[in-house]
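Take a look at the structure set out below.
The values are calculated or read from the model by the stated rules, or taken from the named source; none is laboratory data. From a predicted model like this one, the values you see are computed outputs, not experimental measurements. Cβ atoms come from the backbone with ideal geometry, glycine included; neighbour counts cover every protein chain shown.
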Amino acid sequence: MKRIAILNGPNLDRLGKREPEIYGHATLADLEKKLRAEFNRDAELVFFQSNHEGELIDKIGELADTKIDGLILNGGALTHTSFALRDALLGAHLPTVEVHISNIYRREAFRHTSLTAPACVGIISGLGLEGYFAAVRFLLKT
């Protein structure tokens, strides 16, 4: 059974409340419950959310030092601003899939650039919460 970590960055704890016209009405807890139900026989899922860049970086380092088979990251706005998060991913040497609920390329211009993408094996953008499911399926196959 593979261990896959799912890290969510700033404001993702507000899913279901924050801009539901963009991010939908499901909460982060709803997402976790659905992912666990879908993959309970195939993967041990480890969830972590923080609004603080340093906590996400610390968690990536911790995961790199443990038995983890893959990482899914929705870095929120840190995707577009954090060289430190990018460096943490590069140093972790974990297969990472970057996930965005909305299509970042149909939004404001500053969201079109992902600083963390070069540290990832792939990016899923604009599929809503289904992007997380696709990322888990991909990591289970690698």
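Details
- Which numbered condition GLY24 fails, given (1) on the phi > 0 side of the Ramachandran plot; (2) loosely packed, with under 15 Cβ neighbours inside 10 Å: (2)
- Failed item in (1) at pLDDT 95 or above; (2) surrounded by fewer than 20 Cβ atoms within 10 Å (Cβ to Cβ); (3) within 21 Å of LEU15 (Cα to Cα), with GLY131 passing the rest: (2)
- Only one entry of LEU78, LEU73 meets the criterion of being crowded, with 17+ Cβ neighbours inside 10 Å, in contact with a strand residue (DSSP E or B) (Cβ under 8 Å, 6 or more places away or on another chain) and touching a residue at least 24 places away in the same chain (Cβ under 8 Å), and that entry is LEU73.
- Count of segment 1-25 residues which are more than 15 Å from the chain's Cα centre (by Cα), farther than 18 Å from ALA135 by Cα and hydrophobic (A, V, I, L, M, F, W, C): 1
- Filtered residues of segment 42-72 (kept if touching a Pro at 6+ places or on another chain (Cβ under 8 Å) and hydrophobic (A, V, I, L, M, F, W, C)): LEU71
- Subset of segment 1-52 (residues that are among the polar types (S, T, N, Q), under 24 Å from THR142 (Cα atoms) and touching a strand residue (DSSP E or B) at 6+ places or on another chain (Cβ under 7 Å)): ASN8
- The conditions of being among the basic types (Lys, Arg), within 15 Å of ASN74 (Cα to Cα), surrounded by 13 or more Cβ atoms within 10 Å (Cβ to Cβ) and out of contact with any Ser or Thr (no Cβ under 8 Å at 6 or more places or on another chain) are not met by ARG36.
- Helices (runs of 4 or more DSSP H) completely within segment 26-142 that count 2 or more residues being more than 13 Å from LEU7 (Cβ to Cβ): 28-39, 83-92, 130-141
- Near pairs, Cβ below 7 angstrom, 6+ apart or cross-chain, from segment 42-55 (over 13 Å from LEU31 (Cα atoms)) to any residue that is surrounded by fewer than 16 Cβ atoms within 10 Å (Cβ to Cβ) and of a type in the set (A, V, I, L, M, F, W, C): ASP42/MET1; ASP42/LEU140; ALA43/MET1; ALA43/LEU140; GLU44/MET1; GLU53/ALA84
- Failed item in (1) of a type outside the set (Ser, Thr, Tyr); (2) surrounded by fewer than 16 Cβ atoms within 10 Å (Cβ to Cβ); (3) in a loop (DSSP other than H, G, I, E, B), with PRO10 passing the rest: (2)
- Hey, ARG14 free of Cβ contacts under 8 Å to residues at least 40 places away in the same chain and among the basic types (Lys, Arg) or not: yes
- From LYS59, LYS67, residue being crowded, with 17+ Cβ neighbours inside 10 Å, more than 22 Å from SER125 (Cα to Cα) and not hydrophobic (A, V, I, L, M, F, W, C): LYS59
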